[in-house]
Amino acid sequence: MSEADLSMGHGAGVMETRPFSIPSKKLVMWLFIISDACTFGAMLFAYGYVKNAAADWPHPFESASIMNALFMTFVLVTSSLTILMGVRQAKAGNKSKAIQWTFITIVLGLAFAALHLKEWMGLIHGGVRLFQNPWGSPIFGASFFAITGLHLAHVVSGAVALLVVILGYKWGRYNSDDLEIWGLYWHFVDLVWMFVVPMVYLMNAKA
Amino acid sequence: MVSNQGNFKSDLVVYVAILALACVQVFFLKGHLFALLSVAIVQAILAVMFFMHLGSEKPTLRLALIPGTLFVLVMLNMIWADSYRLMSMKPFAK
C-alpha cells in the first residue's frame, strides 16, 4: 500500500492478519516459553556435564525427599488443572468462578514453594552449601540450588503474575485472554518440573 | 481469541496420566536415566499438547516453535564427549 493510499484513507480498516491466527501477546508468551525452555535445557545439560565429570557425585536423597518431590509434583500438576478450570470459567464469562480457581492455583503454587524451601532447609541443615557438602563433589550444592532455585523463582514469579492478572481481571483491566496467556506460563513451569525431578532427584536417590 | 480450551474430561484424563507416569518414575525407574527421561518426554508432550493446547493451534505455529527448540536441545548433546574427557583425563588434559 502506497503512502498516497494511506493519506487518502484507502488503508482504513485494512489490517495485517495475525501471525498463526493467535494474538500477538500469546505469540510473545510462546516465544518466551521456548527461550526459557532452552535456558532450563542448558542448565540441565550443564548439571549432567558436571555430574558426569565428577567421580564422587553425591546421592543424598533419601526416600522421604523422593516422596516429598512426588508430593510437590502432585501439587504442581494439580495447580495446572485448576488454572485450566479458571481459564475455562473466564472464557465462559463466569467471573467469580474464574477468580476462585485462579486463587486456588496461586495457593497451590505457594504451597509448592513452601515444600521446596522445606527441602532446601533439610539439605542446608545436612551441611550442603554452594561449594561444599559432606558427601562428595563440592559442586553438587551449586548445581542443585541453581536449577531448583531458578525453577522456584519461576513458580513464585508465576504466582505473583497470576495474582496481578486475576486482580486486573476482577477490576476489568484484563480479560480472559490475559488469564489464558499466563496460564500457558504456569503450565510451562509445571513442564520444567517434570524434567527436574528425574534429573536432580531420582538420579541422585540414595541406594 | 478463538477458544480452544478442550473439555474437562480430557483435561482430567491427562492430569491422571501425568501423575501416574510420575509415580512410575518414582517407584520403578529410579536411577535409570534413559527410562526416566523417556517418561518425562511423554509427560511433557501431554502437557504441551493438552494443557497448553498446542495440539489445537495452527500447524504452522507448531512448526515455528517445536523444530527450533528441539534443534537447540539436540545440539546441546555435544557437551557429553567433553564431560567424559574430564572423567578420564582430569584434572585437565595437558
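The values are calculated or read from the model by the stated rules, or taken from the named source; none is laboratory data. Computed from a predicted model, the values in this text were never measured in an experiment. As a convention, Cβ positions derive from the backbone with ideal geometry for all residues, glycine included, and neighbour counts pool all protein chains shown. When the accessible area is computed, the model is the full protein with side chains, heavy atoms only, and any ligands, DNA or RNA have been set aside. Shrake-Rupley method; radii C 1.70, N 1.55, O 1.52, S 1.80 Å.
Remarks
- Sites excluded, GluC sites (Glu not before Pro) in DSSP loops with at most 13 other C-beta within 10 Å, longest stretch of chain A: A:63-207
- One decimal place: the segment A:K170-A:F131 gains 9.4 nm when fully extended, by the rule 0.36 nm per residue minus the C-alpha distance.
- Nearby lysines by direct alpha-carbon distance to B:K30 (threshold 30 angstrom, same-chain neighbours under 8 apart not counted): A:K51, A:K118, A:K206, B:K90
- On association of chains A and B, roughly 4600 Å² of accessible area becomes buried (total for both chains; probe 1.4 Å).
- Annotation: the stretch A:65-207 has a Kirkwood hydrodynamic radius of 16.1 angstrom, from the mean reciprocal C-alpha pair distance.
- Principal-axis analysis of the Cα atoms of chain A puts helix A:95-125 at an angle of about 20° to the longest axis.
- Average 1/r across all pairs of distinct alpha carbons in the protein assembly as shown, invert it, and you get the Kirkwood radius: 21.0 Å.
- Just checking the listed ones, B:L21, B:L63, B:L76: in the Gaussian network model of chain B with Cα springs under 10 Å, the one fluctuating most is B:L76.
- Once the Cα gyration tensor of the stretch A:163-207 is diagonalised, semi-axes √(5λ) in Å: 36, 9, 4
- For the stretch A:122-200, the Kirkwood estimate of the hydrodynamic radius, built from every pair of different alpha carbons, is 14.6 Å.
- FRET efficiency, 1/(1 + (r/R0)^6) with R0 51 Å, evaluated for A:D56 and B:L70 via beta carbons: 0.90
- Cα-based helix-to-principal-axis angle, B:33-46 vs chain B, degrees rounded to 10: 30 degrees
- The stretch B:15-84 shape via C-alpha gyration tensor axes, a/c threshold 1.5: oblate
- Shape of the stretch A:96-168, Cα gyration tensor, a/c cut at 1.5: prolate
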